[in-house]
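Colleague: I have a structure here, written as structure tokens, and I will follow up with some questions on it.
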Amino acid sequence: MKLSIWTYEGPPHVGAMRVATGMTGLHYVLHAPQGDTYADLLFTMIERRNHRPPVTYTTFQARDLGADTANLFKEACHEAYARFKPEALIVGASCTAELIQDDPGGLAESMGLPVPVIPLELPSYQRKENFGASETFFQLTRRLARDMNKTPEVSCNVLGPTGLGYRHRDDVTEIVGLIEAMGITVNLVAPMGASPTDLTRLGQAHFNVMLYPEIAEETCRWLDRNHDQPYTKTVPIGVGATRDFIAEVEALSGMKAADPGDRLRLPWYAASVDSTYLTGKRVFLFGDATHVKAAARIAKDEMAFEVVGLGCYNREFARDIRRLAKDYGVAPLITEDYLEVEAAIKAAQPEMILGTQMERHIGKRLGIPCAVISAPVHVQDYPARYSPQMGWEGANVIFDTWVHPLVMGLEEHLLHMFREDFEFHDAAGPSHHGGHAPRGVDEPQVVIPDPVADGNIIWLADAEKELRKVPFFVRGKARKNTEAFAVQQGLTSISVDTLYEAKAHYAR
Amino acid sequence: MNRETPISTGCLNAPVLKQRGQHEVFCGLTGIIWLHRKMQDAFFLVVGSRTCAHLLQSAAGVMIFAEPRFATAILEEKDLAGLADAQDELDAQVSQLLQRRPDIRQLFLVGSCPSEVIKLDLSRAAERLSEVHAPNVRVYSYSGSGIETTFTQGEDACLAAMVPTLPPSEAHQLLLVGALPDVVEDQLTGMIEAMGIKVACLPARRSGDMPTIGSQTRLAVAQPFLGDTVSALTGRGAGLIPAPFPFGEQGTTAWLRAIADAFDVTDETFDAITAAPRARARKALDKVSETLRGKSIFFFPDSQLEVPLARFLTTECGMIPVEVGTPYLHRGLVGPDLALIPEGPLISEGQDVEKQLDRCRAARPDLTVCGLGLANPLEADGLATKWSIELVFSPVHGYEQAADLAGLFARPFLRKAALQL
């Protein structure tokens, strides 16, 4: 048993739903109890879809358990086929149905439906949403992709986007545009927008573009082995990564990409003097491994931030994140425990969090600004405007998104200079944002383990007062540095002098 | 509404279309979202799967930007394979939780589909943990599983679980049953107390204010989905006051009137207390219901509020119900409302969602009340919708909220009229 307040990923059948909902002409019959239909609202509300996901739930109840749940499943399959006439059916069980062991795959295959029926084995008590999506896409591909001649012109597939993906809609537009501008034909985008019939001609492409490794890596590897299709390894998020991605595509295709010209604005925005204040901003990164990897590179090389902590919630990619953390000289945080993330952020005292919807809660509690870089996200992260994360426009979007939560440069200076102005103080928050809750209001009954309290170092009243004059966005760092300095010096209390000695000690 | 018995029995004896098939409804776990806010020293620990945890955070619609007083103990492979003793594991999770939240006084262990299927005995766990953590924390258990409960039935199961622990008392008193928004509860209990009636609430806001129960206790039920709670309470000697539910001016008056009659309150006292808020409610309703008059409405089953709301919208707002779907028709509780709905609409119980969508699309009602999974797809088909979950999440009972309640149904029409696209 594992105590969980928020989960970063849903169960694996939600991953299968994301593939089915992204596609056309596919239907999913899910053996599941009443209530599991909640997953529909992820798509209809959070993503604002105007259609229900193509999913039929068998909706068994307690009274069915002693009777014939297997027959209930078969009836649901029949009715779903008769009503929706899909090109193919995927069938599987949610967590409860897994326990009653009706074998949906075997039952559906025995029914002799006139379309391919693809059983999904998604272990609900071991795996999670990304695995479910990856496995579903892989099983569909393995079953449906045919041996085919390559297209006469250079072509590729773009693999990984699904329903309910973080910015998948716009990433696809951006990357397909980039590839087509190179003179390469896009054979198929999948799963998003593809039908089961479309998947039969995956093998026509010369190579594959792997957009989201969490969902498409397994499939890309299999297509490489079985259909002679090499695939791109770099995910084009950020300027450097997009350049590396283009180099990979050029090597695979023999085609050349044009310079983005002034469509790419991040480099100049980062170089312009207004951005000076971003230098060395301490950021903490958490999310899915792919987005965290990309964000770390952008943070360090393209924004000149300092990465003070990073981690991911998907263990499947833990090795990559451990390697990355080593490169950045920080401890990797591989966890799906929200409380552990909260404790790590509190210990690192960053000036900004780049995380998921969940880290927004942490940021709000700790008074640290937060920008979202990765799923899970909420309705406001499915914007109406074009807002990719990938490619040149994605880099521009990321610059804006990351700068927005911060106090602006000159305002930061003024806050330093006039620390006790009753209207213009740091508890009021960045002035370009609307109404703020007072900062630093912690729900007192919640005990968050204090990572620095162990040393039993006492802050003398004057020093505590002086510390409060330090603007909030660096106060945490000042507190932490001063305490570390005091420990190093063998002190048990901190005076105003200790505070300033520590400041001098850490001056850069 | 006057005090004479209606001559027509309305829909009371209308045939009911019973359907089974795909249910597009939440399970009982969803009730935790409002119950954990209502009971300020309570924590809800779901013993279930990742799906349960995901449901709770998604169904909230908004992720509440503070630490919620609920969590999920997620069952893992080793729990299912019997490698770990689930009871030991649970004890460890509860200790961890109570250590982090020393302010918690009531802990609910909430069963789920997987915990029910593997027959994990949570009542035994609750007994044991109550002993371990007494007197600081009382531990209860109930099931919010989808195989046994639909949406608001979770609240029913939760309140029913508390009934055996209520202290006995032979006081002549009223018990207001059902979790209401604090503002509504204060208004209703204020009027009831003004009539000279001693009143307590289940659930209480804090564990120290638990009501007592006995043969002199009469029950005023505020929510139509509390069948099990009511039978548990009557099992302890309390008597139910049957009445329409307190929605709108007429519903609230009938509900209060039934209470007043049960406690021999004089007409003068009753009128003195209710006349002003009645007049206010009627005036405000007249204005808002203009938008609704003559419009047809179709209810998908969701919260069990459907029958009382159809009564309110029909008799007080002039709407025409086409179908009133409800997950479960509890005649003992909604009978008085059912009798007031004029014959005509199809009353349906349970659901086969595809067939019901066919009926809805064929009827093309002016307004469709449905869950979050169906609303946007129906809007895209050109049908105006009202998300039913808002009806459970907003203050809608009583006089002062009568016009707000009508307003929730009027808003889709006003919005459609306002948008020039």
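Colleague: Please work out how much length the chain gains when fully extended from B:Thr165 to B:Ser231, using 0.36 nm per residue of separation minus the C-alpha to C-alpha distance, in nm with one decimal. Please report the intermediate quantities before stating the final value.
Modeller: Values: separation 66, 0.36 × 66 = 23.76 nm, distance 1.50 nm.
Gain on stretching B:Thr165 to B:Ser231: 22.3 nm.
Colleague: Next question, about the same structure. Just to be sure I understand the model, the point goes 7 Å from the Cα along the line to the Cβ. What's the resulting A:Ala251 to B:Thr269 distance in nm?
Modeller: Rounded to a tenth, the inter-label distance reads 8.9 nm.
Colleague: Next up: Loop only by DSSP, 13 or fewer other Cβ within 10 Å of the Cβ. Give me the GluC sites (Glu not before Pro) in segment B:167-214 that pass, ordered by residue number. Numbers along the way, then the final one.
Modeller: Values: sites: B:Glu170, B:Glu185, B:Glu193; in loops: B:Glu170.
When the GluC sites (Glu not before Pro) of segment B:167-214 are filtered for loop state and at most 13 Cβ neighbours within 10 Å, B:Glu170 remain.
Colleague: Please say if segment B:335-421 is rounded, prolate or oblate, where rounded means a/c under 1.5 for a ≥ b ≥ c the square roots of the C-alpha gyration tensor eigenvalues, and otherwise the choice is prolate for a/b larger than b/c and oblate otherwise?
Modeller: On the way: a/c = 1.71, a/b = 1.04, b/c = 1.65.
It is oblate, given that a/c is not under 1.5 and a/b is not larger than b/c.
Colleague: Another one. log10 I(q)/I(0), Debye, Cα-only segment A:12-128, no solvent, q = 0.13, 0.18, 0.20 Å⁻¹?
Modeller: Normalising to I(0) and taking log10 leaves -0.45, -0.89, -1.10.
Colleague: Quick one: grab Rg to one decimal and Dmax as a whole number for segment B:181-318, Cα atoms only, in Å.
Modeller: Just the Cα atoms of segment B:181-318 yield Rg and Dmax of 16.2, 48 Å.
Colleague: Give me the net charge for the shell around A:Thr356: Cβ to Cβ below 12 angstrom, other residues only, Lys and Arg +1, Asp and Glu -1.
Modeller: Values: positive: A:Arg360; negative: A:Glu9, A:Asp288, A:Glu336, A:Glu359, A:Asp381.
My count for the surroundings of A:Thr356 gives -4.
Colleague: Straight-line reach from B:Lys198: which aspartates and glutamates fall under 15 Å, measuring Cα to Cα and dropping same-chain residues less than 8 apart?
Modeller: The reachable aspartates and glutamates, counting only those whose Cα sits under 15 Å from B:Lys198, are B:Glu170, B:Glu185, B:Asp186, B:Asp209, B:Asp261, B:Asp264.
Colleague: Starting with the fewest neighbours, write out B:Ser296, B:Ser95 ranked by other beta-carbon atoms found within 10 Å of each beta-carbon. Walk me through the numbers before you get to the answer.
Modeller: Values: B:Ser296 16, B:Ser95 13.
Listing B:Ser296, B:Ser95 from fewest to most nearby Cβ atoms yields B:Ser95, B:Ser296.
Colleague: Further question on the same structure: Per-residue HN-Hα couplings for segment B:286-298, Karplus 6.51 cos²θ - 1.76 cosθ + 1.60 at θ = phi - 60°, whole Hz, x for Gly and Pro?
Modeller: 3, 5, 5, 6, 3, 5, 8, 4, x, 7, 8, 9, 10
Colleague: Using R₀ = 60 Å, calculate the FRET efficiency as 1/(1 + (r/R₀)^6) where r is the Cβ-Cβ separation of A:Tyr506 and B:Val16; round to 0.05. It would help to have the intermediate numbers written out before the result.
Modeller: On the way: r = 75 Å, r/R0 = 1.25.
Calculated value: 0.20.
Colleague: Which aspartates and glutamates have a Cα less than 20 Å from the Cα of B:Lys416, not counting those fewer than 8 places away in the same chain?
Modeller: Once the sequence-local aspartates and glutamates are set aside, what remains near B:Lys416 is B:Glu290, B:Asp366, B:Glu379, B:Asp381, B:Glu390, B:Asp404.
Colleague: Given C-alpha coordinates of segment B:163-213, what is the ratio Rg to Rh with the Kirkwood estimate of Rh? Before the final figure, lay out each step's value.
Modeller: Numbers: Rg = 10.9 Å, Rh = 11.4 Å.
When Rh is taken as the Kirkwood radius, the ratio is 0.95.
Colleague: Below 23 Å, Cα to Cα, which lysines can A:Lys480 reach? Residues fewer than 8 away in the same chain don't count.
Modeller: Candidates past the 8-residue exclusion: A:Lys281, A:Lys300, A:Lys326, A:Lys346, A:Lys364, A:Lys465, A:Lys469, A:Lys503.
Colleague: Name the residues whose placed amide hydrogens come within less than 5 Å of the amide hydrogen of A:Val189, ignoring near sequence neighbours (fewer than 5 apart) on the same chain.
Modeller: A:Val158
Colleague: Treat each spin label as a single point 7 Å out from the Cα along the C-beta direction, and report the B:Asn136 to A:His78 distance in nm.
Modeller: Spacing of the two 7 Å Cα→Cβ label points: 5.8 nm.
Colleague: Moving on. Taking the simple approach of a point 7 Å from Cα along Cα-to-Cβ for both B:Arg361 and A:Arg63, what is their distance in nm?
Modeller: The modelled label-to-label distance comes out at 3.0 nm.
Colleague: Let me ask you something else. Would you mind ranking A:Asp288, A:Asp262, A:Asp381 by Cβ crowding within 10 Å, fewest neighbours first?
Modeller: In increasing order of surrounding Cβ atoms, one gets A:Asp262, A:Asp381, A:Asp288.
Colleague: Counting other C-beta atoms within 10 Å, and keeping those with at most 10, which DSSP coil trypsin sites (Lys or Arg not before Pro) do you find in segment A:351-398? Let's see the in-between values first.
Modeller: Numbers: sites: A:Arg360, A:Lys364, A:Arg365, A:Arg385; in loops: A:Arg385.
When the trypsin sites (Lys or Arg not before Pro) of segment A:351-398 are filtered for loop state and at most 10 Cβ neighbours within 10 Å, A:Arg385 remain.
Colleague: Rg to Rh for segment A:287-372: what is it, with Cα atoms only and Rh by Kirkwood?
Modeller: Values: Rg = 11.7 Å, Rh = 12.7 Å.
Radius of gyration over Kirkwood radius for segment A:287-372 works out to 0.92.
Colleague: Loop only per DSSP, at most 12 neighbouring Cβ atoms within 10 Å: give me the GluC sites (Glu not before Pro) in segment B:330-380, ordered by residue number. Could you put the intermediate results ahead of the total?
Modeller: Details: sites: B:Glu343, B:Glu349, B:Glu354, B:Glu379; in loops: B:Glu343.
Those that pass, being in a loop and sparsely packed, are B:Glu343.
Colleague: Kindly state, as a whole number, the per residue volume in cubic angstrom of the convex hull around the alpha carbon atoms of segment A:1-66.
Modeller: Residue-normalised Cα hull volume stands at 119 Å³.
Colleague: Report the paramagnetic label zone for A:Ala181: residues of segment A:380-394 whose backbone N is under 19 Å from a point 7 Å from Cα along the Cα-to-Cβ axis.
Modeller: Within reach of a label on A:Ala181: A:386-394.
Colleague: Same structure again: Determine, for B:His397, A:His227, the number of other Cβ atoms within 10 Å of each Cβ, and report the residues in order from fewest to most. The partial results should precede the final answer.
Modeller: Working: B:His397 26, A:His227 19.
So the residues, fewest neighbours to most, are A:His227, B:His397.
Colleague: Inside 10 Å of the C-beta atoms of B:362-375, what's the mean count of C-beta atoms belonging to other chains? If you can, show how the numbers build up before the last one.
Modeller: Numbers: counts 0, 0, 0, 0, 0, 0, 0, 0, 0, 6, 7, 12, 5, 3.
Mean inter-chain Cβ contacts per residue within 10 Å come to 2.
Colleague: Once you wrap a convex hull around the alpha carbon atoms of chain A, what is its projected area averaged over all directions, in nm²? Before the final figure, lay out each step's value.
Modeller: On the way: hull surface 107.8 nm².
Average of the hull's projected areas for chain A equals 27.0 nm².
Colleague: If you don't mind, another one. Going by average Cβ neighbours within 10 Å, how do the peptides B:207-213, A:121-127 rank, with the highest at the top? Intermediate results must be reported in sequence, preceding the final value.
Modeller: Values: B:207-213: 16.4, A:121-127: 18.3.
Going from most to least packed, we get A:121-127, B:207-213.
Colleague: Same structure, new question: Over all alpha-carbon pairs of the protein assembly as shown, lay out the pair-distance distribution in 10 Å bins, whole %, shortest bin first.
Modeller: Percent of pairs per bin, in order: 2, 11, 19, 22, 20, 15, 8, 3, 0, 0.
Colleague: Given a Förster radius of 60 Å and the C-beta distance between A:Val496 and B:Asp91 as r, what FRET efficiency does 1/(1 + (r/R0)^6) yield to the nearest 0.05?
Modeller: Details: r = 49 Å, r/R0 = 0.82.
Step by step, r from the Cβ atoms, then E = 0.75.
Colleague: Also, quick follow-up: Each residue of segment A:468-473 in turn: what ³J(HN,Hα) in whole Hz from Karplus with 6.51, -1.76, 1.60 and θ = phi - 60°, glycine and Pro shown as x?
Modeller: Each residue of segment A:468-473 in turn: 5, 7, 6, x, 4, 6 Hz.
Colleague: With r defined as the distance between the Cβ atoms of B:Glu77 and A:Met111 and R0 fixed at 30 Å, what FRET efficiency is calculated, to the nearest 0.05?
Modeller: Numbers: r = 30 Å, r/R0 = 1.01.
Efficiency, rounded to the nearest 0.05: 0.50.
Colleague: Quick one: what are the phi-derived ³J(HN,Hα) couplings along segment A:230-239, Karplus 6.51/-1.76/1.60 with θ = phi - 60°, whole Hz, x for glycine and proline?
Modeller: Result, ordered by residue: x, 9, 6, 9, 8, 8, x, 10, x, 5 Hz.
Colleague: Another question about this same structure. Could you pull out every residue, at least 5 positions away or on a different chain, whose amide H is within less than 5 Å of the one on A:Trp459? Hs are placed 1.01 Å off N in the peptide plane, and Pro or chain starts have none.
Modeller: Under 5 Å from the amide H of A:Trp459 lie the amide H atoms of A:Ile494, each far enough along the sequence or on another chain.
Colleague: Over the Cα atoms of chain B, what Rg and Dmax result, in angstrom?
Modeller: Computed over the Cα atoms of chain B, radius of gyration and Dmax are 21.9, 69 Å.
Colleague: For B:Ile147, which sequence-distant residues (separation of 5 or more, or a different chain) have an amide H within less than 5 Å of its own amide H, given hydrogens modelled in the peptide plane?
Modeller: Amide H to amide H, under 5 Å and 5 or more residues apart or across chains, B:Ile147 pairs with B:Cys113.
Taken together, the values in this text are just the output of simple stated rules run on the coordinates, not laboratory data. This is a predicted model, so every value here is computed, not measured. Virtual Cβ from ideal backbone geometry, glycine too; neighbours counted across all protein chains shown.
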